[in-house]
Amino acid sequence: MQVKEIPAEGITYDQLKIEKIPLSDEYIERDPSLVPAANRAVVINPCRTCMPLGAMFATLGVHKAIPFVQGAQGCTTYVRYTFCRIFKEPAAIANASFHEDTAVFGGWKNFIQGIRNLVVRYWPELIGVVTTCASEIIGDDMVSYIKAAKKKLAEELGEEKAAAVKIVLISTPSFAGSHVVGYDRAARAFVETLAVEKTAPNNKVNIIPGMLNPGDIREIKHLLKVMGIDSIILFDIADVFDTPLRPPATIPYYPKGGTPVADIADMANSLGTVALCPHEGGLGARYLERKFGLRAVVGPPPVGVRHTDMFLQNLSELTGRPVPEELLDERGRLLDFMADTFHHTMMKKVAVFGDPDIVVGVTRFVCELGMEPVAVLSGTPSKTFPQEIENIVREYNFAPQVFNGSDLFEFEEYLKKTRVDLILGNSKGVDIARELEVPLVRVGLFVYDRVGYQKRPVVGYRGGEFLLADIVNSLLDYKYPDDRTQQL
Ligand code: SF4
């Protein structure tokens with residue numbers, strides 16, 4: 001192998017990569033008028049999924065809770081399959097099993113019978129009733145249905161047993177939003193239904209984490225523990241989607257994790273609420289602020305140095321507790337790691353896609369690493385996302401192309417016409433990364449083509465170290481020139 005001669009002035013990053021546009025002889029330029037998602041009636045390669053998924057994810061984060069999906073079996077099957085692909089754990093979700101007759105006559109019969117069967121077979125402490133496109137379109141009156149279902153349970157099982165099963169209604173017409181909105185609506189529905197009364201102060205902080213992975217939830221708990229702060233985490237999916245394999249303590253089996261129902265009721269008594277992801281939990285935090293006067297701190301997601309600093313500072317203000325030395329050391333270790341690796345990250349051009357909040361967090365972090373975001377995409381449309389990105393990139397003098405609620409087809413077409421060294425996003429970006437011959441750093445909820453990503457955090461200072469290691473190792477793995485390896 002011939003080793004390239006390095007000029008005295010060094011090699012600029014522009015010279016490290018051969019221009020590959022068009023990527024191959026077979027490359028056919030798309031009709032430019034059809035590339036913007038806004039010009040099309042169809043979504044191609046969507047970067048979002050259906051609203052009920054977010055509500056089911058949330059409900060499963062409550063201890064001994066089961067979602068009941070008022071819709072067709074497919075609305076549940078693919079969600080269970082998705083959770084299984086991501087977390088390699090089973091997810092118990094009940095379904096009203098809509099068929100043709102239900103579409104004509106409504107879902108009353110299926111609901112009343114379904115709730116009854118679910119209770120007598122599984123004895124859940126809580127049922128999250130999740131509506132779907134079909135039930136919303138045919139106009140199922142879910143409030144009346146729930147009253148009738150409770151009445152039937154009381155007649156059959158007695159008042160006490162029936163009252164022990166809480167029912168929370170989460171309205172999720174999927175045509176009106178994505179899984180992000182479904183989780184957000186669930187956060188409000190749970191606190192609205194269960195946190196109804198302010199009694200004695202509990203000196204706790206409510207945390208609504210958003211659709212983060214089990215590893216992230218554990219990292220948040222670590223930060224809270226080191227700060228010496230008691231908390232209520234809604235929805236605590238850590239020991240639900242990453243549960244120990246042990247003989248079941250009870251039959252029917254429920255994972256040991258999840259937020260206890262009593263804790264959700266107690267959220268009205270907390271010092272305040274921190275919703276880490278504004279689009280995924282902000283509604284719940286703001287509801288508690290309006291109803292009980294609890295201070296709501298909404299975002300930013302604690303990814304990277306600055307955002308984690310802000311999270312700890314907010315906790316400190318809510319509780320009066322200082323940030324301890326242990327966390328300052330963790331911060332210092334992340335800074336040290338950034339200094340050790342900046343020659344790999346500086347001036348690299350990156351594209352980031354996924355759910356709006358994680359994209360905002362990651363965009364801030366890559367800017368902190370000296371990388372230049374050239375394109376950022378939120379699959380879920382958001383009123384605030386473009387401004388949140390603008391606020392970050394303005395500080396660093398960057399001007400990425402911002403796609404708000406677009407699809408990965410438009411994103412890919414844009415990336416083919418610009419230079420990008422690295423993509424950060426979930427497993428939906430695998431084909432794009434292969435096509436562009438750049439590495440994909442997997443980040444976000446929908447990582448289903450690798451194992452272990454759900455266990456590792458990206459939030460907090462320690463999460464930042466994991467993410468930075470992934471970024472640098474991916475760059476090194478991917479055609480890193482041999483004549484530069486002496487710089488490792
Ligand atoms: S988009 Fe509508 S019909 Fe499709 S799975 Fe989701 S809720 Fe069901």
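Would you say R121 is touching a helix residue (DSSP H, G or I) at 6+ places or on another chain (Cβ under 7 Å), charged (D, E, K, R) and farther than 19 Å from A186 by Cβ? Write out each step before concluding.
Working: touching a helix residue (DSSP H, G or I) at 6+ places or on another chain (Cβ under 7 Å): no; charged (D, E, K, R): yes; farther than 19 Å from A186 by Cβ: yes.
Against the criterion (touching a helix residue (DSSP H, G or I) at 6+ places or on another chain (Cβ under 7 Å), charged (D, E, K, R) and farther than 19 Å from A186 by Cβ), R121 does not qualify.
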Going by what's in this entry, would K256 be described as part of a loop (DSSP other than H, G, I, E, B) and closer than 30 Å to I66 by Cβ? yes
For segment 345-386, the count of residues that are in a loop (DSSP other than H, G, I, E, B) and within 18 Å of A433 (Cβ to Cβ) equals 3
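In segment 36-49, which residues are more than 10 Å from the ligand (Cβ to nearest atom), part of a loop (DSSP other than H, G, I, E, B) and buried (at least 18 other Cβ atoms within 10 Å of the Cβ)? Let's see the steps before the verdict.
Step one: of segment 36-49, the residues more than 10 Å from the ligand (Cβ to nearest atom) are 36-48.
Then drop every residue that is not part of a loop (DSSP other than H, G, I, E, B), which leaves 36, 40-48.
C47, R48 - these are the residues of segment 36-49 that are more than 10 Å from the ligand (Cβ to nearest atom), part of a loop (DSSP other than H, G, I, E, B) and buried (at least 18 other Cβ atoms within 10 Å of the Cβ).
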Among residues of segment 50-107 being more than 15 Å from the ligand (Cβ to nearest atom) and of a type in the set (F, W, Y), the residue nearest to V447 (Cα to Cα) is F87
G158 passes all but one of the listed conditions (1) surrounded by fewer than 19 Cβ atoms within 10 Å (Cβ to Cβ); (2) not assigned by TED's automatic domain parsing to the domain that holds I93; the exception is number (2)
Looking across segment 241-265 at residues that are charged (D, E, K, R) and crowded, with 19+ Cβ neighbours inside 10 Å, the single one that is farthest from A200 (Cα to Cα) is D242
Those residues of segment 167-182 that are away from the ligand (no atom under 14 Å from the Cβ) and buried (at least 24 other Cβ atoms within 10 Å of the Cβ) come to a total of 1
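Identify, please: which residue in segment 119-141 is among the aliphatic types (A, V, I, L, M) and crowded, with 21+ Cβ neighbours inside 10 Å and is, among those, nearest to the chain's Cα centre (by Cα)? Walk me through it before giving the result.
As a first pass, look at segment 119-141 and keep what is among the aliphatic types (A, V, I, L, M): 119-120, 126-127, 129-130, 134, 137-138.
Imposing the further condition that a residue be crowded, with 21+ Cβ neighbours inside 10 Å reduces the set to 119, 126-127, 129-130.
Working: V119: 30, L126: 23, I127: 22, V129: 21, V130: 19 Å.
Per the criteria, the residue is V130.
Residues are listed down the side, and each one gets a yes or a no for (1) outside the structural domain of V366 (by TED's automatic domain parsing); (2) closer than 25 Å to K88 by Cβ; (3) touching a Leu at 6+ places or on another chain (Cβ under 7 Å); (4) of a type outside the set (F, W, Y):
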position: E413; (1), (2), (3), (4): no, no, no, yes
position: K417; (1), (2), (3), (4): no, no, no, yes
position: L422; (1), (2), (3), (4): no, no, yes, yes
position: K428; (1), (2), (3), (4): no, yes, yes, yes
position: D431; (1), (2), (3), (4): no, yes, no, yes
position: R442; (1), (2), (3), (4): no, yes, no, yes
position: V459; (1), (2), (3), (4): no, yes, yes, yes
position: L467; (1), (2), (3), (4): no, yes, no, yes
Item to complete: Tell me, yes or no, whether segment 280-288 has at least one residue that is modelled with pLDDT of 95 or more, assigned to a loop (DSSP other than H, G, I, E, B), of a type in the set (A, V, I, L, M) and under 21 Å from I229 (Cβ atoms).
Response: no
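Inspect segment 429-436 for any residue being crowded, with 18+ Cβ neighbours inside 10 Å and out of contact with any Asp or Glu (no Cβ under 9 Å at 6 or more places or on another chain) and give the result as yes or no.
Looking only at segment 429-436, we keep the residues that are crowded, with 18+ Cβ neighbours inside 10 Å, and these are 429, 432-433, 436.
Narrowing further to those that are out of contact with any Asp or Glu (no Cβ under 9 Å at 6 or more places or on another chain): 433.
Yes, segment 429-436 contains a residue that is crowded, with 18+ Cβ neighbours inside 10 Å and out of contact with any Asp or Glu (no Cβ under 9 Å at 6 or more places or on another chain).
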Original post:
With respect to V447, is the statement that it is closer than 21 Å to P36 by Cα and touching a helix residue (DSSP H, G or I) at 6+ places or on another chain (Cβ under 9 Å) true?
Top reply: no
Note to self: I'd like to know if segment 44-59 contains one or more residues that are hydroxyl-bearing (S, T, Y), out of contact with any Asp or Glu (no Cβ under 6 Å at 6 or more places or on another chain) and more than 29 Å from A163 (Cα to Cα).
What the structure shows: yes
Of the residues in segment 1-60, those that are among the small types (G, A, S) and at pLDDT 95 or above come to G54, A55, A58
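The values are calculated or read from the model by the stated rules, or taken from the named source; none is laboratory data. Just so it is clear, the model here is predicted, and its values are computed rather than measured. So basically every Cβ, Gly included, is an ideal-geometry build from the backbone, and we count neighbours across all protein chains shown.
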